[in-house]
Amino acid sequence: MPTTCTLTPACAISPRALLAGMLAALLPGLAAAQFTLAPLPYPSHALEPHIDTMTMEIHHGRHHAAYVNNLNAQIKQYPELATMSLEDMQKQISRFNMAVRNNGGGHYNHDLFWNIMAPEGQRGQPGEALLADIVKTFGSLADMKKRFDQAALGRFGSGWAWLIVTPDKKLAITSTPNQDNPLMDLPDVQRGTPILGLDVWEHAYYLKYQNKRGEYATNWWNVVNWNEVTRRYDAAMK
Ligand SMILES: [Fe+2]
């Protein structure tokens, strides 16, 4: 037989209400885990010798993880983030504070970065249409790489170099500071869909290359996943 208790305030709460209260207290925390750190799409040593294992482990497991955690912490202030795709967030980033811009950008940029690199044997070559567009726009693949590396070296401090498809479906090379990217609706950003991006933060190369950003950029071309870059190009041109 159930007993009725009305002697103390605690007794006035039914077990079901108590459970609901506990769930309500827990759910905001669960909902805050909207964004997650995907595992690297290959082992952390797969890009050796061009990008060393320890750099990959720290870069992904600490730096990228911190962007994800810090972004999730912003969901309390901006509940709409919980149902927003990462890409949509970038396109309306001007609505949000600097924490969302830096960490949301950091999450998007690093997701892209891991996937536009690949282990040996899985890197492929630029697809036919992409290569023809590169030649038409920059003169040759080598000229495009040279222009891209100039953007990477010319970025003062931390940031990214990008190959993008502009809104009028043209290839362009640009760079952004910090964790900004070409999807962001910001006044100083050349807008477009990124199909290739190079992280030129020191955390991306300092252990192996120290201050030699140019050497890092040159060697990085060896690990570019042209299959994925081509897929992104084809999708952006549709
Ligand atoms: Fe990074």
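Any read-out appearing in this document is the output of simple, stated calculations on the displayed coordinates, not a laboratory observation. Predicted model only: the values in this text are computed from it and were never measured. Don't worry about glycine lacking a Cβ; one is built from the backbone with ideal geometry, like all the others, and counts go over all protein chains shown.
The figures follow:
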read-out: Residue within the range 206-220 that is away from the ligand (no atom under 16 Å from the Cβ), among the charged types (D, E, K, R) and touching a residue at least 60 places away in the same chain (Cβ under 8 Å) present; value: no
read-out: Which listed residue, of GLN90, GLN74, is touching a residue at least 24 places away in the same chain (Cβ under 8 Å) and over 14 Å from the mean Cα position of the chain (by Cα); value: GLN74
read-out: Sole exception among (1) in contact (Cβ under 8 Å) with a residue 40 or more places away in the chain; (2) more than 16 Å from the chain's Cα centre (by Cα) for ARG147, by number; value: (1)
read-out: Unique match (being among the aliphatic types (A, V, I, L, M) and free of Cβ contacts under 8 Å to residues at least 12 places away in the same chain) among MET84, MET54; value: MET84
read-out: Filter pass, ARG155 being within 19 Å of the chain's Cα centre (by Cα), charged (D, E, K, R) and under 21 Å from HIS59 (Cα atoms); value: yes
read-out: Count of residues meeting criterion [among the aliphatic types (A, V, I, L, M), in a loop (DSSP other than H, G, I, E, B) and more than 16 Å from the ligand (Cβ to nearest atom)] in the range 77-125; value: 2
